[in-house]
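Written below as structure tokens is the structure these notes are about.
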């Protein structure tokens, strides 16, 4: 099962198609939805007891005792109905590639070897011109000041394929602090579980460069690096559910970016959902960084739209 299957899955990754064809028995993760789960509210920037993400709509009439959950910014109305429709129509004119766990993808960015920390341009020539307006809209979001996109990835989640994505932290050697998701076609949920594996995901790189943002989402004006430190015993942290409403923009940074793994559960994909994920370089690959020569050609190509 280590080799890719016709559906796009390999190894321990599965979808409904290969589970049926190969008689693979998959057990969904068991989470305590009663006493250890919280729903993030984008209006008060706190997480309140619960599992159903629609509970954030009861703001300000939350129940229970909230916990702080820094590192999340949500613009609930980032795209208009017209912009969403045009974007989806244009994306569907571009070929989709099969991906793991029932997803399809369109990837525009450099080639990265995360284990060897090797970076190369590959066939990256820029981004589809039909998506340029999305990056242009980033300029109106204060928390994204100075963000330079170097990877744009379209991901399709379809309930007919049982699409999902496993818990992970986006690699920290080359992908910078701010991780952007633009959500299309359907409401969705990002489920956060505490990362008890601080030696994975090249997290050791984080302490070597300054943070872009403070915990409050303000631009960091001092040379301060984020420190990844254990806050909970393994598998003892809470589960935090982040709403990703249709047409919204989500920015993950700081604590949410580094201390927590994020995932999309199969049970939360009820209809076709497409998201655009955007990533920036870590400071060493930007101008005046010690690896700028390696990143320069990629930064130049990232200014192109075809």
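Among the residues making up the range 193-213, a single one is assigned to a loop (DSSP other than H, G, I, E, B) and in contact with a strand residue (DSSP E or B) (Cβ under 6 Å, 6 or more places away or on another chain): 195. Taking the criterion of being surrounded by fewer than 18 Cβ atoms within 10 Å (Cβ to Cβ) and assigned to a loop (DSSP other than H, G, I, E, B), the residues of the range 87-118 that qualify are 92, 93, 94, 95, 96, 114, 115, 116, 117. Would you mind stating whether residue 216 is at pLDDT below 95, closer than 30 Å to residue 79 by Cα and not in a helix (DSSP H, G or I)? When the stated conditions are applied, residue 216 passes them.
Condition check ((1) at pLDDT 95 or above; (2) out of contact with any helix residue (DSSP H, G or I) (no Cβ under 6 Å at 6 or more places or on another chain)) across all residues:
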site: 100; (1), (2): no, yes
site: 106; (1), (2): yes, yes
site: 109; (1), (2): yes, yes
site: 112; (1), (2): yes, yes
site: 119; (1), (2): yes, no
site: 138; (1), (2): yes, no
site: 149; (1), (2): yes, no
site: 152; (1), (2): yes, yes
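For the range 57-86, the tally of residues that are in contact (Cβ under 8 Å) with a residue 60 or more places away in the chain, over 26 Å from residue 134 (Cα atoms) and not in a strand (DSSP E or B) stands at 1.
Screening 264, 240 for residues that are in contact with a helix residue (DSSP H, G or I) (Cβ under 9 Å, 6 or more places away or on another chain) and at pLDDT 95 or above leaves exactly one candidate, 240. In this structure, residue 33 qualifies as loosely packed, with under 13 Cβ neighbours inside 10 Å and either at pLDDT below 95 or part of a helix (DSSP H, G or I) (or both).
The values are calculated or read from the model by the stated rules, or taken from the named source; none is laboratory data. Predicted, not measured: the structure shown is a model, and the values here were computed from it. Counting neighbours? That spans all protein chains shown, and the Cβs are built from the backbone with ideal geometry, glycine included.
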